[in-house]
Amino acid sequence: MDRRLDLHGNELQTKQFDWEKSLTSIVGVIAFVYPLTAVPQLFEIWIRQNVAGVSILTWAMFMLFSIPLLVYFIIRKERAMTIMYTIWMGIYVAVISGVLIYG
């Protein structure tokens, strides 16, 4: 075991890298950034009013299968995942609504 000493011979406190804390921070950022991947689809639907190639069935299934996940993360008090799936629910509703309106 390697002991590190300061100039006075006192043992230095070495801080280990906390992987769990770092991963939690990364997941917190991803929870907000990942849903932004749908912005081009929302732009195409709501700004260009173009729903060509957008499957309402696919987006409805995304939403359907995300509901139990959202409930699970709420129950488990997983804040980052709850935020992410809540944002996704809003996106699913926006996409499905746009397809129904412009389709």
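Worth a mention:
- The helix-based estimate of mean residue ellipticity at 222 nm for the chain, built from -39,500 (n - 2.57) per DSSP H run of four or more residues and divided by its residue count, is -22000 deg cm²/dmol to the nearest 500.
- Value in Å of the Kirkwood radius, where the chain supplies the Cα pairs that are averaged: 16.8 Å
Any read-out appearing in this document is the output of simple, stated calculations on the displayed coordinates, not a laboratory observation. Not measured: the values here are computed from a predicted model.
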